[in-house]
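The values are calculated or read from the model by the stated rules, or taken from the named source; none is laboratory data. Every value quoted in this text rests on a predicted model; they were computed, and no experiment measured them. The accessibility values were calculated without ligands, DNA or RNA, using every heavy atom of the protein model including side chains. Shrake-Rupley method; radii C 1.70, N 1.55, O 1.52, S 1.80 Å.
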Amino acid sequence: MSETVNHPAHYNAHPSGVECITVVEHMGFNIGNAMKYLWRADEKGNALEDLQKAQWYVLREIERRNTMTPK
């Protein structure tokens with residue numbers, strides 16, 4: 001497969017050299033996706049859009065946890 005699918009340049013653009021998936025695969029889906037968008041926000045050209053996507057996943061996780069919490 002193409003490197004743009006398996007290993008695009010922005011995957012290792014973080015100053016640590018660590019790939020985002022190495023960290024986020026240990027998190028739940030919503031938190032992991034939010035972290036992914038935050039981690040790579042400045043590497044793909046539209047940081048504001050990625051920050052908004054991260055916010056969407058965080059709000060979704062908050063709502064999910066609110067519905068799980070006994071009241």
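Across the stretch 13-29, computed HN-Hα scalar couplings (Karplus, 6.51 cos²θ - 1.76 cosθ + 1.60, θ = phi - 60°) run 6, 4, x, 6, x, 6, 7, 3, 4, 4, 8, 6, 5, 9, 10, x, 4 Hz from first to last residue, x flagging Gly and Pro. Solvent-accessible area per residue in the chain equals 75 Å², computed with a 1.4 angstrom probe and all protein chains kept. Each residue of the stretch 4-9 is assigned a 3J(HN,Hα), and the resulting list reads 6, 9, 8, 7, x, 4 Hz, derived from the Karplus form 6.51 cos²θ - 1.76 cosθ + 1.60 (θ = phi - 60°), x at Gly and Pro. When a 1.4 Å probe is rolled over the protein heavy atoms, the share of accessible surface on the chain that falls to carbon and sulfur comes to 57 percent. Converting phi to 3J(HN,Hα) with the Karplus coefficients 6.51, -1.76 and 1.60 and the offset θ = phi - 60°, the stretch 56-62 yields 4, 5, 5, 5, 5, 5, 4 Hz in sequence order, with x at every glycine or proline.
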